[in-house]
Amino acid sequence: MDKDQHMNVSQLLESEPGLRVRAVDASDVTAIADFQTTCWREAYRGVVSQAYLDRVDVADRERRWSERLASGTRRIVLAEIGATVVGVVSWGLADVDDVPALELMSLYVDADQRGTGLAGKLIHRAVGTSPTHLWVFEDNPRAKGFYAKQGFRFDGHGKVDSDTGLWEQRFVRR
């Protein structure tokens with residue numbers, strides 16, 4: 001996606017009352033980690049083991065987000081209403097041969113923002129309409145349905161997520 005497309009999508013996102021979308025810096029890591037922890041505990045209840053949800057805390061995620069930001073392997077955008085984080089999206093290039101290299105690596109949206117269009121707008125801000133792939137937990141029908149509406153299709157490939165031990169499915173948009 002070119003620079004003009006990013007600017008147009010950012011303008012569209014920011015046209016929502018009180019919504020601000022911006023690139024992150026090191027000062028945002030704790031807020032992102034806290035937000036992700038809250039999202040996981042709500043969205044993955046019944047999908048991911050409760051022991052995992054209880055064990056992985058803000059400090060664990062803060063370390064990971066710090067590494068991601070420092071490495072430069074992911075681009076990360078934050079959506080806020082006022083000072084409250086309501087969405088985070090990250091993307092980057094993966095070393096793959098059989099699907100588009102562009103990967104949507106994470107997308108988290110506050111439960112109160114579901115159904116508002118924010119998640120779709122964040123995807124568009126991140127990867128636009130470019131060919132992209134992503135991984136989603138096999139036992140997450142809500143997420144799989146959402147990504148299907150965004151043009152992603154399960155391509156028959158799966159793997160075990162090394163953190164949770166759960167099967168993931170690869171979805172691709174060409």
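The values are calculated or read from the model by the stated rules, or taken from the named source; none is laboratory data. Here the structure is a predicted model, which is why all the values come from computation and not from measurement. Because the Cβ atoms are built from the backbone with ideal geometry, glycine has one as well, and the counts that use them run over all protein chains shown. Calculation scope for accessible area: heavy atoms of the full protein, side chains included, ligands and nucleic acids excluded. Shrake-Rupley method; radii C 1.70, N 1.55, O 1.52, S 1.80 Å.
What the table below lists for this structure:
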{"quantity": "Residues satisfying the stated conditions in segment 119-142, i.e. open to solvent by less than 70 Å² (accessible area, probe 1.4 Å) and either in a loop (DSSP other than H, G, I, E, B) or free of Cβ contacts under 8 Å to residues at least 12 places away in the same chain (or both)", "calculated": "Gly128, Ser130, Pro131, Asn140"}
{"quantity": "Cβ pairs under 6 Å, 6+ apart, first in segment 55-67 and of a type outside the set (A, V, I, L, M, F, W, C) and modelled with pLDDT of 95 or more, second in a helix (DSSP H, G or I) and surrounded by fewer than 16 Cβ atoms within 10 Å (Cβ to Cβ)", "calculated": "Glu62/Thr30"}
{"quantity": "Candidate set: segment 143-174, residues that are assigned to a helix (DSSP H, G or I) and under 14 Å from the mean Cα position of the chain (by Cα); chosen: the one nearest to Gln50 (Cα to Cα)", "calculated": "Ala143"}
{"quantity": "Count of segment 42-59 residues which are within 16 Å of Arg142 (Cβ to Cβ) and surrounded by fewer than 15 Cβ atoms within 10 Å (Cβ to Cβ)", "calculated": "3"}
{"quantity": "Matching residues in segment 66-100 - criterion: being part of a loop (DSSP other than H, G, I, E, B) and touching a Ser or Thr at 6+ places or on another chain (Cβ under 9 Å)", "calculated": "Arg74, Val99, Pro100"}
{"quantity": "Total residues in segment 149-158, condition within 22 Å of Asp110 (Cβ to Cβ), open to solvent by 30 Å² or more (accessible area, probe 1.4 Å) and not charged (D, E, K, R)", "calculated": "1"}
{"quantity": "Residue in segment 145-163 that is under 25 Å from Asp57 (Cα atoms) and touching a helix residue (DSSP H, G or I) at 6+ places or on another chain (Cβ under 7 Å) present", "calculated": "no"}
{"quantity": "Test result for Glu62, of a type outside the set (S, T, N, Q), outside any strand (DSSP E or B) and surrounded by 17 or more Cβ atoms within 10 Å (Cβ to Cβ)", "calculated": "yes"}
{"quantity": "Of all residues in segment 67-91 being of a type in the set (Gly, Ala, Ser) and surrounded by 19 or more Cβ atoms within 10 Å (Cβ to Cβ), the one that is nearest to Arg20 (Cα to Cα)", "calculated": "Ala79"}
{"quantity": "Complete set of residues in segment 81-103 that are among the hydrophobic types (A, V, I, L, M, F, W, C) and more than 17 Å from the chain's Cα centre (by Cα)", "calculated": "Ile81, Ala83, Val96, Val99"}
{"quantity": "Residues that are surrounded by 13 or more Cβ atoms within 10 Å (Cβ to Cβ) and not aromatic (Phe, Trp, Tyr), drawn from segment 159-174", "calculated": "Asp161, Thr164, Leu166, Glu168, Gln169, Arg170, Val172, Arg173"}
